[in-house]
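Only one structure is covered here, and it is reproduced in the block below.
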Amino acid sequence: MTPLLRLVDVSKSFGATRALRGVSIDIFPGEIHCIIGENGAGKSTLGRMCGGFVRPDTGSFWYDGKEVPFFSPEEARAAGLAMVFQELSLAPDLSIQDNLFLGAEPTRNPLRVLRRSRERSDCKSVLDAVGLGRIDIRQPVNQLPPGQQQLVEISKALARKPKILVLDEPSAMLSLAERKHLHGIMGELRANGTAIVFVTHHVSEVAELADRVTVLRNGALVESITGRQTVDQIVERLGGGGIPAPHWPQQSQVVQNPDNSAADLLSIVVPRLDGSTEAIRVAPGEVVGLYGVIGCGSERIASIVSGQASDAASVAMEVEGQKIAVNTPVRARRLGIGHLPNGRAANGILPTRSISENLYLRPRSRKQRASLAPTGGDPDKELSEIGVRYGNAKDPITSLSGGNQQKVLIGRLLGSDLRLLVLEEPTAGIDIAAKADVHNLLRKCTGKGWGILLVSSDLEEAIALSDRIHTMFDGQCVRTYSAPTTGDMSSISADVVGATHAKDREEVL
Amino acid sequence: MSSQSSINQASPPKVRHLFGHVGYADLMLPLLILLLALVAVMIEPRFLSTNNLLNLLRQLTPLLIFAAAQGIVIMSGGLDLSQSSVLSVAGVVGVLVMPQLGIGGGVCVMIAVGAFCGLLSGFVAAATGASPLIVTLSALSITQAFALILANGVPIYDVPGEYTDLVGFTSLAGIPVMVLIGLAVLACCWVLLRFTVFGRYVYAMGSNYSAALHSGVDVRFYTVLVYVLSGTCAGIGAVVVTAWTSAAQPIAAPNLALQALASVVLGGVALKGGSGGMIHVVFGVVTLGMLSNVLNMIGVSAYFQTLAVGLVILLAVCLDRLRQRSARR
């Protein structure tokens, strides 16, 4: 049998990050091909490449047995490819019906009257298939809960009657029942000869559905396996892998705080997978890591602690022993909580301003407030203390490398009077040397008695820095690892892809 | 934290309307309009006379035409600041060619000039991806300059009498032709928005541009179309205004575009795009029009009228924010 779609030896870089290196994938009609890997392994890039939304730098593309130029999104659509996006492609104000047929009208004539009654009956059949048969198709999609929006997104792809369906992590927002339904639909499509590319990090789904599994790690192909796999087989390949993990210096253990009587800087209660609750505590001088895949809930905890969540009051949280709802970032800052958000370019730096202005973008002390100078203190002294390599403090921040920009952002926090840092992906997209520098800066913080809540999708980093790691899955805490080592890696990987979950369930059943 | 909501739940019933979704909050403006009418009748019983109402409609017509177009532009996620000056240049050019091409030719030229200006704005906005605010601001200056240059900076009073009589002062079945033109524009916009592919794409682009792009909508083409529509309406506005004032002013109705913007927002069309309908435009236009009509009757000075209009718009914006916040809960 010839594959319907083949990507051969494709590579893709985004700036300095190599998202994919020399990956090949074959997609056959009537098969579910799962792409699995950890965060940043390149799964989504590969999925979007199949749908024509990412153009590879090198490699070749075969469709229906012939080598063809890479598809544009339009060509992909014309060839019968449909894509379900991780970040939905729905227009929130439009009705379900309008969304389902958006861009799929039989005519391109703008003045053509919409065939709403025909669309309505088509709507019914497609929505029936995903279990939304009784929904009011005239209501705008922004009034639906996230799970149902995801189902509408899936129906939108189904309405195009695709030959190849690419699903990019479609189950993140679905409840168990909805997920089961989706699996049923995928089974039917497979029986009808549709080729399905299923990008996921839920290992139990792979074990349940896959006819073929492609395991990715750091943008490279670990293995492409044919046939159904068990959870353990997949986890083994995910964690073990053919590619050795980069060597990390074992942590120079941070100043341990043996005095347990000292009040925790932070305590926040999170539901546990087994139904009980877990209090995530950060003591002075401690680094506590939250590890999980995208959408696991660790970002939400970070946003609650740093005062970004509007419903913070609904979570039981204590700061230095006081029950407090941190409802604004300003309040968080007054309590001594500093936040390093994810996404340096979007949420961190002021790209059009200088290095020193970026460094001094922090609340001023009382003494500084009296001064009119845009910056306070001696930027050169501070910058050299945090080890930034720069020419002139008045140069634009964008003249620095990503790693040095990141150090400036951490320096911004270091110069403030804080007690607790919430760090999201502190070393995302920076090189090894800069990573080590950032880690040293963080150790300096803990040395001063500050606590750190670390949200990182880099497992080696989380292990190297943390005194404790809480693994997260589906908004819940799975397990807690005290003084984690690289030996815990496979167990941690299994936790966050839901393998622990799946096994627990098997035992219950 | 996981979503365990039942997926087969039927949705709660909603107030529905031929014009789209109309919630309870949308009833605020009609109530305000009724209140204004009541005040007007109490002060001046002749307010409800056919004559006065037709006169009111006539006054509202240019604003209605502009607001209908501006509404569609805003729903698509754009903005058109150049409407007034496009009207001016279209009026000037149309009246200048009227002696050669006749009345029909002149009218066609006015509409064509408007459409062409919109085409240029739309093309620049779509091709460069620049903010429509800047693009139409520059279009405002450029078209204004052409209107001044072509008219030599003075109004052209050389407008054929038959033309001003026909468009400005004739009535068909008791309704002024001018008002009929305004209503026709409104009806066309309504049909476009509610029943055509164009309308669906306008809402989609305004609601989530990248979703529209990912769904295969030719967003650039439709951006151009939206501005062509707006320019065309400015051309139609030129037909009405030149006939009514019996002159082609190089700076005609300078505040009309901003008033149109105000009435669209007042009516409840979200500035970020993607929602609202012609019903909201109508509410906004009628409220704003009646407000100044009633204030005139009471004898409030023009200075205080401007103040009142500003306050009403501010109120509308606050209400809109409250509505959005409660909708998000």
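The values are calculated or read from the model by the stated rules, or taken from the named source; none is laboratory data. Everything quoted here is computed from the prediction, not taken from an experiment. Cβ placement follows ideal geometry from the backbone for every residue including glycine, while neighbour counts extend to all protein chains displayed.
Check every one of the strands (runs of 3 or more DSSP E) wholly within the stretch A:1-104 and list those with 2 or more residues that are within 14 Å of chain B (Cβ to nearest Cβ).
A:81-84
Filter the stretch A:387-428 for residues that are assigned to a loop (DSSP other than H, G, I, E, B), charged (D, E, K, R) and surrounded by 15 or more Cβ atoms within 10 Å (Cβ to Cβ) and give the result.
A:ARG419, A:GLU425
All but one of (1) closer than 28 Å to A:ARG21 by Cβ; (2) not in a loop (DSSP other than H, G, I, E, B); (3) not hydroxyl-bearing (Ser, Thr, Tyr) hold for A:VAL152; state the number of the condition that does not hold.
The one condition A:VAL152 does not meet is (1).
Step by step: first the residues of the stretch A:178-191, then only those that are of a type in the set (A, V, I, L, M) and either in contact with a strand residue (DSSP E or B) (Cβ under 6 Å, 6 or more places away or on another chain) or surrounded by 15 or more Cβ atoms within 10 Å (Cβ to Cβ) (or both), then the one that is nearest to the other protein chains (Cβ to nearest Cβ). Which residue is that?
Our first condition is that a residue be of a type in the set (A, V, I, L, M); within the stretch A:178-191, this holds for A:182, A:185-186, A:189, A:191.
Next, from what is left, pick out any that are either in contact with a strand residue (DSSP E or B) (Cβ under 6 Å, 6 or more places away or on another chain) or surrounded by 15 or more Cβ atoms within 10 Å (Cβ to Cβ) (or both): A:182, A:185-186, A:189.
Working: A:LEU182: 11, A:ILE185: 13, A:MET186: 17, A:LEU189: 19 Å.
For the stretch A:178-191, the residue satisfying everything is A:LEU182.
Among the residues of the stretch A:292-321, which ones are surrounded by fewer than 21 Cβ atoms within 10 Å (Cβ to Cβ) and on the phi > 0 side of the Ramachandran plot?
If the condition is that a residue be surrounded by fewer than 21 Cβ atoms within 10 Å (Cβ to Cβ) and on the phi > 0 side of the Ramachandran plot, then A:GLY295, A:GLY297, A:GLU320, A:GLY321 are the ones that fit.
Could you check how many residues of the stretch A:285-320 are over 14 Å from the mean Cα position of the chain (by Cα) and not in a helix (DSSP H, G or I)?
17
Would you tally the residues in the stretch A:136-167 being in contact with a Cys (Cβ under 6 Å, 6 or more places away or on another chain) and of a type in the set (Lys, Arg)? So that I can check it myself, show each step before the final result.
Within the stretch A:136-167, the first condition is being in contact with a Cys (Cβ under 6 Å, 6 or more places away or on another chain), and the residues that meet it are A:137, A:166.
After this cut, where a residue has to be of a type in the set (Lys, Arg) as well, the list is none.
Qualifying residue count, the stretch A:136-167: 0.
Given the structure, is B:GLY206 closer than 21 Å to B:CYS233 by Cα, crowded, with 19+ Cβ neighbours inside 10 Å, within 13 Å of chain A (Cβ to nearest Cβ) and free of Cβ contacts under 8 Å to residues at least 24 places away in the same chain?
no
Kindly indicate the residue of the stretch A:73-107 that is in contact (Cβ under 8 Å) with a residue 60 or more places away in the chain and closer than 17 Å to B:VAL219 by Cα and also surrounded by the most Cβ atoms within 10 Å (Cβ to Cβ) among those meeting that condition. Explain how you work it out, then say what you get.
Keep residues of the stretch A:73-107 that are in contact (Cβ under 8 Å) with a residue 60 or more places away in the chain, which gives A:77, A:79-86, A:88-90.
Narrowing the set further to residues that are closer than 17 Å to B:VAL219 by Cα leaves A:77, A:89-90.
Values: A:ARG77: 20, A:SER89: 22, A:LEU90: 28.
Once the filter is applied, the top-ranked residue is A:LEU90.
Rundown of residues vs (1) within 14 Å of chain B (Cβ to nearest Cβ); (2) without any contact (Cβ under 8 Å) to a residue 12 or more places away in the chain; (3) of a type outside the set (A, V, I, L, M, F, W, C), yes/no style:
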residue: A:VAL141; (1), (2), (3): yes, no, no
residue: A:PRO146; (1), (2), (3): yes, no, yes
residue: A:ILE154; (1), (2), (3): yes, no, no
residue: A:ARG160; (1), (2), (3): yes, no, yes
residue: A:PRO170; (1), (2), (3): yes, no, yes
residue: A:LEU174; (1), (2), (3): yes, no, no
residue: A:HIS202; (1), (2), (3): yes, no, yes
residue: A:GLU205; (1), (2), (3): no, no, yes
residue: A:GLY227; (1), (2), (3): no, no, yes
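Given the conditions (1) at pLDDT 85 or above; (2) crowded, with 22+ Cβ neighbours inside 10 Å; (3) of a type outside the set (Lys, Arg), which single one is not true for A:GLN139?
In the conditions (1) at pLDDT 85 or above; (2) crowded, with 22+ Cβ neighbours inside 10 Å; (3) of a type outside the set (Lys, Arg), A:GLN139 misses (2) alone.
Could you check how many residues of the stretch B:98-131 are in contact (Cβ under 8 Å) with a residue 60 or more places away in the chain and within 22 Å of the chain's Cα centre (by Cα)?
Looking only at that region, the number is 16.
Within the stretch B:209-221, which residues are in contact with a Phe, Trp or Tyr (Cβ under 7 Å, 6 or more places away or on another chain) and more than 7 Å from every other protein chain (Cβ to nearest Cβ)?
Residue satisfying the conditions is B:VAL219 alone.
What number of residues within the stretch A:318-342 satisfy the criterion of being more than 18 Å from A:ILE452 (Cβ to Cβ) and in contact (Cβ under 8 Å) with a residue 24 or more places away in the chain?
Residues that pass the stated criteria total 2.
How many residues, within the stretch A:102-126, are in contact with a helix residue (DSSP H, G or I) (Cβ under 8 Å, 6 or more places away or on another chain) and farther than 26 Å from A:GLU74 by Cβ?
1
Could you check how many residues of the stretch A:407-435 are of a type in the set (A, V, I, L, M) and at pLDDT 85 or above?
Summing the residues that are of a type in the set (A, V, I, L, M) and at pLDDT 85 or above in the stretch A:407-435 gives 10.
Kindly check whether there is at least one residue in the stretch A:205-227 that is modelled with pLDDT of 80 or more, under 18 Å from A:ALA129 (Cβ atoms) and crowded, with 22+ Cβ neighbours inside 10 Å.
no
Could you grab me the full set of residues in the stretch A:318-335 that are within 9 Å of A:GLY307 (Cβ to Cβ) and of a type in the set (Lys, Arg)?
Hits for the stretch A:318-335 are A:ARG331, A:ARG333.
Of all residues in the stretch A:335-386, count the ones that are exposed (fewer than 12 other Cβ atoms within 10 Å of the Cβ), at pLDDT below 85 and in a helix (DSSP H, G or I).
5
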